[in-house]
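Okay, so here's the structure we're looking at.
The values are calculated or read from the model by the stated rules, or taken from the named source; none is laboratory data. Since this is a predicted model, take the numbers as computed values, not measurements. Here the Cβ positions follow ideal geometry from the backbone for every residue, glycine too, while neighbour counts run over all protein chains shown.
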Amino acid sequence: MAPAWVVAALVGLCAAAASVAAQQTDPPPRRPLPSNYHIMTPGRYKRDQQLACNDDKTNKPSCSAKCNKRCPNQCIVLCPGCKTYCMCDFYPGVSCGDPRFTGGDGNNFYFHGKKDQDFCILSDAGLHINAHFIGKRNPSMSRDFTWIQALGIRFADHRLYMGAAKTAKWSNDVDRLELAFDGAPIDIPTEIGAVWQSTAVPGLTVARTATTNGVRVHLKGAFDIMANVVPISEEDSRVHNYGVTEDDSLAHFDLGFKFLDLTDDVHGVLGHTYRSDYVNQLNVSSKMPVMGGAPKYLSSDIFATDCAVARFGARRAGISMVTARAY
């Protein structure tokens, strides 16, 4: 496996990783993840949960890996060698926590938006993605703490919804994912590797990357999205003063995006960082570089394409490519 792919896989994934073959072709129906990647979820058990990595090519004894304390929800272990990575430590297309994005230029930035509103994350001629933000107001600050609770994805005449259900008391054993395609619920068995495939768009698949709360959404020739539902822990709330209460764990998404057919006119909070003419004017040396301009990204609902920078539906020769490639 090429070292560049290891980076690329981890870049695009908050919740899992993929192989070189998966980058170039469709994933096998029942094996969305290569065998040498393993996902650990310490919160489900004890923090000192460990994973043994065997090296079948040598006679070296197995090593043991465990998630770093910086990884509150999940981590990836790469065997052999027990290399451990936090889900949100990597580059383009990532959105984690109080939305911290990593743009197409590789730089991190925050976009706080506003709670209970929808914002255009990416808009291109054939693809539009809105994110619904939830949040908590901190009286001592001039903004909301916000997190991405749902995505509304449009391509051609189709609508794909991905959401994290509101949860009072969090348990990793309970699936909080809500998925729907063109208004019909998507039902996938709660087992790693289980796959749902659209009959209307055969190139669209949703695969479980964990028994609960983790999926990979793939549209051939268009995008790969890794989504992992996570809560705000009591410890995070205490450290950051989020103010989490017993009636809402603020379940939200950690996300990884990989886009395969963007035009150079793409826009949106994350989308415009993929343009060839994008110039990063943020203070990248700042501890928290913040992208402003929220009003121009504001959408009227989760599937609306009415943000000021909308590009969806623009006429171009390849506008039908996303759908055509899916068949």
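Tabulated results
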| item | result |
| --- | --- |
| Residues located in the range 225-246, provided they are part of a strand (DSSP E or B) and either of a type in the set (Phe, Trp, Tyr) or within 22 Å of residue 184 (Cβ to Cβ) (or both) | 225, 227, 229 |
| Residues of the range 223-254 satisfying the condition of being farther than 15 Å from residue 165 by Cα and modelled with pLDDT of 85 or more | 223, 224, 225, 226 |
| Those residues of the range 167-189 which are at pLDDT below 90 and either among the acidic types (Asp, Glu) or under 18 Å from the mean Cα position of the chain (by Cα) (or both), in sequence order | 172, 173 |
| Residue within the range 296-313 that is within 30 Å of residue 183 (Cα to Cα), modelled with pLDDT of 90 or more and basic (Lys, Arg) present | yes |
| Matching residues in the range 258-267 - criterion: being at pLDDT 90 or above and within 16 Å of residue 106 (Cα to Cα) | 259 |
| Which numbered condition residue 211 misses (of (1) of a type in the set (Val, Ile, Thr); (2) within 18 Å of the chain's Cα centre (by Cα); (3) under 27 Å from residue 261 (Cβ atoms)) | (3) |
| Flag if residue 271 is within 29 Å of residue 209 (Cα to Cα) and at pLDDT 90 or above | yes |
| Count - residues of the range 116-138 that are out of contact with any Lys or Arg (no Cβ under 8 Å at 6 or more places or on another chain) and not in a strand (DSSP E or B) | 3 |
| Odd one out for residue 254 among (1) without any contact (Cβ under 8 Å) to a residue 40 or more places away in the chain; (2) within 14 Å of the chain's Cα centre (by Cα) | (1) |
| From the options 176, 238, 208, residue that is out of contact with any Ser or Thr (no Cβ under 6 Å at 6 or more places or on another chain) and surrounded by fewer than 22 Cβ atoms within 10 Å (Cβ to Cβ) | 238 |
| Residue 190 without any contact (Cβ under 8 Å) to a residue 60 or more places away in the chain, more than 29 Å from residue 266 (Cβ to Cβ) and hydroxyl-bearing (Ser, Thr, Tyr) | yes |
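Residue-wise test of (1) over 25 Å from residue 75 (Cβ atoms); (2) touching a strand residue (DSSP E or B) at 6+ places or on another chain (Cβ under 8 Å); (3) assigned to a strand (DSSP E or B).
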residue: 172; (1), (2), (3): no, no, no
residue: 188; (1), (2), (3): no, yes, no
residue: 200; (1), (2), (3): yes, yes, no
residue: 211; (1), (2), (3): no, no, no
